[in-house]
Amino acid sequence: MIIIESILFIWLLVLAVVDIRKGSFSGRNLVLATILFSTAMTVLCFLNVKEWKMFLGGGAAGAVFLLASIVTKGAVGIGDGYILMVCGMVLGLYQVVILSILALCLASAFGILLWVRKKAGRHTKIPFAPFICAGYGVIFICSIL
């Protein structure tokens, strides 16, 4: 399990850099990663390394962000939804909720900091993947300790 979690962390680091530089992701790469991680987690469920409930619940919790992207017509990035869905499949329901809260708090603090320094306005887009990566890093380090 630690190997998949490490691969996920490296993938999140790459996506964070891409999100900062370009502001978007390749949809094909996100779908491919979703398929690969879900296949790996399905195998782990069959081997009784991971519980089905946590796998499916975590994926469903991440899929809520996909739904939010559709409802808000892209105000919430669909790529962020795919990322959180993959994180949910790997982490499970409870930890993806914690990850979402951490990422939202970090992004909010960053947005407030930009607003106070008059570097951004209400409609400024902020890349969310770096905050997902930072939140996952906290969870990953805490799980190792």
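The string of couplings for the stretch 45-51 from the Karplus curve (6.51, -1.76, 1.60, θ = phi - 60°) is 5, 5, 8, 6, 8, 10, 7 Hz, one whole number per residue in order, with x for Gly and Pro. By the rule of a C-alpha distance below 21 Å, with chain neighbours fewer than 8 residues away ignored, the lysines paired with residue 119 are 22.
Largest GNM mean-square fluctuation among 93, 67, 13, using the chain with Cα springs under 10 Å: 67. With respect to the chain, whose longest principal axis is taken over its alpha-carbon atoms, helix 78-91 is tilted by about 40°. Distance between the pseudo-spin-label points of residue 17 and residue 72 (7 Å out from Cα toward the beta carbon): 2.7 nm.
For the chain, the longest principal axis of the Cα atoms and the long axis of helix 129-144 meet at an angle of about 40 degrees.
Shown in residue order for the stretch 13-24 are the 3J(HN,Hα) couplings computed by the Karplus curve 6.51 cos²θ - 1.76 cosθ + 1.60 at θ = phi - 60°: 4, 4, 5, 4, 5, 4, 5, 5, 6, 9, x, 7 Hz (x for Gly and Pro).
In terms of its C-alpha gyration tensor, the stretch 1-91 has an oblate overall shape, because the principal axis ratio a/c (a ≥ b ≥ c, square roots of the eigenvalues) is not below 1.5 and a/b does not outweigh b/c.
Extension gain residue 144-residue 64, at 0.36 nm per residue separation less the Cα-Cα distance, in nm? Write down the numbers at each step before the final one.
Working: separation 80, 0.36 × 80 = 28.80 nm, distance 2.79 nm.
Using 0.36 nm per residue and subtracting the Cα-Cα distance, I get 26.0 nm.
Only aspartates and glutamates eight or more places from residue 125 in sequence, or on another chain, were considered; those with a Cα closer than 19 Å are 19, 80. If each DSSP helix of 4+ residues adds -39,500 (n - 2.57) and the sum is divided by the residues in the chain, what number results at 222 nm, nearest 500 deg cm²/dmol? Computed mean residue ellipticity for the chain: -27000 deg cm²/dmol. Between the stretch 1-21 and the stretch 106-141, how many Å separate their Cα centres? Taking the Cα centre of each part, the stretch 1-21 and the stretch 106-141 sit 17 Å apart. Helix 93-116 and the longest principal axis of the C-alpha atoms of the chain enclose an angle of approximately 10°. Under the criterion of Cα pairs below 8 Å and six or more residues apart, the relative contact order for the chain equals 29 percent.
Need one word for the stretch 76-125: rounded, prolate or oblate. Basis is the Cα gyration tensor (sqrt eigenvalues a ≥ b ≥ c); a/c below 1.5 gives rounded, then a/b vs b/c decides. Intermediate values should be presented prior to the final figure.
Values: a/c = 4.92, a/b = 2.13, b/c = 2.31.
Cα axes put the stretch 76-125 in the oblate bin.
The numbers here are math on the coordinates, done by the rules we state, and not lab data. Quick caveat, the model's predicted, so the values are computed rather than measured. For neighbour counting, all protein chains shown are included, and Cβ atoms are generated from backbone atoms with ideal geometry for every residue, glycine included.
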